[in-house]
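A short worksheet on the structure shown next.
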Amino acid sequence: MALLNRMDWYDIARTTNWTPKYVKESELYPDEMCGSMGIPMEKWEVYDEPYKQTYPEYVKVQREKDAGAYSVKAALERSRIFENADPGWLSVMKAHYGAIARGEYGAASAEARMMRFSKAPGMRNMATLGCMDEIRHSQMQLYFPHEYVSKDRQFDWAHKAYDTNEWAMIASRHFFDDMMLTRDAISVSIMLTFAFETGFTNMQFLGLAADAAEAGDFTFSSLISSIQTDESRHAQIGGPVLQILIDNGKKAEAQRQIDISFWRAWKLFSVLTGPIMDYYTPLEHRKQSFKEFMEEWIVAQFERSINDLGLDKPWYWDQFLHDLNIQHHGMHLGVWFWRPTVWWNPAAGVTPAERDWLEQKYPGWNDTWGQCWDVIIDNLVEGNLAKTYPETLPVVCNMCNLPINFTPGKGWAVKDYPLEYKGRLYHFGSEPDRWCFEQEPERYAGHLSLVDRFLAGQIQPPNLAGALAYMGLAPGEIGDDAHGYSWIEIYKQMRMKKAS
Amino acid sequence: MTTKNIATADMNNRVGPVMRAGELADAIIEAAREDNPGKEIRVDDKRAYLRIDTDDEMILRRETIERNLGRPFKMNDLEVDLSSFAGRIETGPDQIRFYLLKHI
Ligand SMILES: [Fe+2]
Ligand SMILES: [Fe+2]
């Protein structure tokens, strides 16, 4: 039997919009789920997916991808990454799996919403494949770390993290729930597939793959770069949607959704991806700095694609470029300082050689962030470990749910961006964070940050032990310095040399 | 690929695939050169991935990839190693095209 060329039947097979007989169109496609902004059905039917894939092709290609990733894993089982890798690298994996694996199931649900409620048939097809992609991502990223669970309980957080109220998880969930689980199909296509997947996922799945390959972890490198080949296809769902919105006078709304998602993704990546690239990954294995990866993926590639669609840079673009130099250093310092409250062991990453690297990549680092680390290092050298732990809570932003932090040193200009809404005072770490809230206050108003919960008496007893219990951190899971403070030896030697 | 000035890093016309490293990526580099005569093809090797790009438009033909691989190749099999790409994409059974609508 001769097979028809795909292009000879694709358009006909895709024509799956028909006139409903037993229900009204508005019942088949309720607006809360569709979000079609009043644009009529026939305008959605011009949607033409740029990256076409049929179901038989999909099955064949995905099978090949899975065979590749699993066979690399099997072949390298003996390389004993867990035993041989630097502890900082293990922390990279722990943070990655916990923050991401279960979120992929959330993404499957978001794709399923587009699959059912998109008015464009081509979009439904793409989302069907996208949904299966995301199930694959979750399953693989739960399966791969599973072999380490018996060796190290922190790896159990690949599965456990999403069910806890651990603070980084609250932040992560707040973002992903906002973008994926509580938006209509059109908003999902813009905020998740376009803004997040053509942009930020490249940082975590390709930028990090480059570091993984340098670190000799080819299993992880192969896994995450393979996952990104799915993203590369289904991330294209959003592009034609943006075109339809622009053509139908909805450019401002499209832009607004991109601006919200982009800023929120940036904040999450400043705590997740920034520290692992610039501090946890062993110095000799860093392919590029976090800022350089951001320049490659987000500025040069993603922002250029926004421009080509006829959209504008997010309104806070200059601030974003400025914050690329600083924000993640503060996040890293905070994560290390509050290290008992995370499910991985943060690597300090501040030996003299690492500081030289930081100074070179981020001129002025020693005069700012370095000054805070100097105090921590002094305390560690003198054996005052207790002084390197926090005694208070940070102020947490009511949008990103991350500690509000600014550059220390001479230029210290800490600022709260408050907002009173219906009698409650909210705090934000930046103007764009507050702006996100103001776009749709009711969406966010009821949420309590971890600190809000603490002050409301929800965390008992109100001390570190109570907080750890609330966050689900059991003994053996509580974070500590990745290298057991062994890196402080070089500073001790330097002091002894100076003294003698 | 990083520049001296991040503020203008988006002022580029780069288009092309970002491939996972391997024999397919090598064949794509050759195909990019053959199928886009007269254009400079840049390759940024990041070990795990290779960014292969040129300005404004890049075409990759199935036949050229097939010849460079030395085995039959279906255009949509590119996806196995196509991790990302710069510019827009247009996929067909015999060629794939990366492009931008606006030159800046
Ligand atoms: Fe995914
Ligand atoms: Fe995805």
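If you build the Cα gyration tensor of the range B:14-99 and take the root of 5 times each eigenvalue, what three semi-axes come out, in whole angstrom, biggest first?
That gives 16, 15, 12 Å for the three semi-axes.
For A:Gly68, what charge total do you get from the other residues with a beta carbon under 11 Å from its beta carbon, if Lys and Arg give +1 and Asp and Glu give -1?
Summing Lys/Arg as +1 and Asp/Glu as -1 gives +1.
Could you tell me which of A:Ala75, A:Val61, A:Pro30 has its Cα farthest along the dipole of the range A:1-76 towards the positive end, charges placed at Cβ (Lys, Arg +1; Asp, Glu -1), taken about the Cα centre?
Toward the positive end, the furthest listed residue is A:Ala75.
Of A:Tyr485, A:Asn325, A:Gln204, which is farthest towards the positive pole of the protein assembly as shown's charge dipole, taken about the Cα centre with +1 and -1 on the beta-carbons of Lys, Arg and Asp, Glu respectively?
A:Tyr485
Sort B:Met58, A:Met37, A:Met180, A:Met294 by Cβ crowding within 10 Å, fewest neighbours at the top.
A:Met37, A:Met180, B:Met58, A:Met294
Which of A:Trp18, A:Trp344, A:Trp412, A:Trp263 has the fewest other C-beta atoms within 10 Å, and how do the rest follow up to the most?
Least crowded to most crowded, the residues run A:Trp18, A:Trp412, A:Trp263, A:Trp344.
Under a cut-off of 22 Å between alpha-carbon atoms, report the lysines in cross-link reach of A:Lys151, not counting same-chain residues fewer than 8 places apart.
A:Lys73, A:Lys94, A:Lys160
Over chain A, what is the mean sequence separation of C-alpha contacts under 8 Å (at least six apart), divided by residue count, expressed as relative contact order in percent?
17 percent
What shape does the protein assembly as shown take by its C-alpha gyration tensor, where a ≥ b ≥ c are the square roots of the eigenvalues and a/c under 1.5 counts as rounded, a/b above b/c as prolate, and the rest as oblate?
Prolate is the answer for the protein assembly as shown, as a/c is 1.5 or above and a/b outweighs b/c.
Return a whole-number percent for the relative contact order of the range B:14-99, with Cα pairs under 8 Å and 6 or more residues apart as the contact set.
In percent, rounded to a whole number, it is 39.
Could you please report the charge total around A:Ala347, scoring K, R as +1 and D, E as -1 over all other residues with beta-carbon less than 9 angstrom from its beta-carbon?
Here the charged neighbours net out to -2.
Can you tell me how the range A:40-135 classifies by the Cα gyration tensor, rounded, prolate or oblate, using a/c under 1.5 as the rounded cut?
Prolate.
Determine the dipole magnitude for chain A: charges of +1 sit on the beta-carbon of Lys and Arg, -1 on that of Asp and Glu, nothing else is charged, the reference point is the Cα centre, and the result goes in debye to the nearest 20.
Computed about the Cα centre, the dipole is about 440 debye.
How large is the charge dipole for the range A:233-289, taken about the Cα centre, if only the Cβ atoms of Lys, Arg (+1) and Asp, Glu (-1) carry charge, to the nearest 20 debye?
So the magnitude is around 80 debye.
Which of the lysines could a cross-linker span from A:Lys119 if the Cα-Cα distance has to be under 30 Å and same-chain partners fewer than 8 positions apart are dropped?
A:Lys21, A:Lys24, A:Lys43, A:Lys52, A:Lys60, A:Lys250, A:Lys251, A:Lys313, B:Lys102
How big is the dipole moment of the range B:14-99 about its Cα centre under a simple scheme where the beta carbon of each Lys and Arg is +1, that of each Asp and Glu is -1, and everything else is neutral? Debye, nearest 20, please.
In total the dipole reaches around 160 debye.
Run the helix sum for chain A: -39,500 (n - 2.57) per DSSP H stretch of 4+ residues, divided by residue count, reported at 222 nm to the nearest 500 deg cm²/dmol.
Per the formula, -16000 deg cm²/dmol.
For A:Phe144, A:Phe337, what ranking results if the residue with the fewest other Cβ atoms within 10 Å of its Cβ goes first?
A:Phe337, A:Phe144
How much FRET efficiency would the formula 1/(1 + (r/R0)^6) give for A:Lys151 and B:Asn5, where r is the Cβ-Cβ distance and R0 is 35 Å, rounded to 0.05?
Rounded to the nearest 0.05, the efficiency is 0.15.
Name the shape class, rounded, prolate or oblate, that the alpha-carbon gyration tensor gives for the range A:251-372, where a ≥ b ≥ c are the square roots of its eigenvalues, rounded holds for a/c under 1.5, and otherwise prolate holds if a/b is larger than b/c and oblate otherwise.
It comes out prolate by the Cα gyration axes.
When only Cα pairs under 8 Å and 6 or more residues apart are kept, what is the percent relative contact order across the range A:76-176?
Value for the range A:76-176: 34 percent.
Go ahead and estimate [θ] at 222 nm for chain B from helices alone: -39,500 (n - 2.57) per DSSP H run with n ≥ 4, summed, over the residue count, rounded to 500.
-6000 deg cm²/dmol
Please work out the C-alpha center-to-center distance from the range A:371-429 to the range B:51-104 and express it in whole Å.
Going from one Cα centre to the other spans 47 Å.
On a straight-distance basis, which lysines could pair with A:Lys492 in a cross-link, Cα separation under 22 angstrom, same-chain partners fewer than 8 positions away excluded?
Leaving aside lysines fewer than 8 places away in the same chain, those within reach of A:Lys492 are A:Lys387.
Have a look at A:Pro394, A:Pro240, A:Pro340 and report the one farthest towards the positive end of the charge dipole of the range A:31-499, computed about the Cα centre with Cβ charges (Lys/Arg +1, Asp/Glu -1).
Checking the options against the dipole of the range A:31-499, the answer is A:Pro340.
Readers should treat all values here as calculations from the given coordinates under stated rules, not as data from a laboratory. These numbers were taken from a predicted model, which means no experiment stands behind them. FYI the Cβ positions are ideal-geometry reconstructions off the backbone, even for glycines, and counts take in every protein chain you see.
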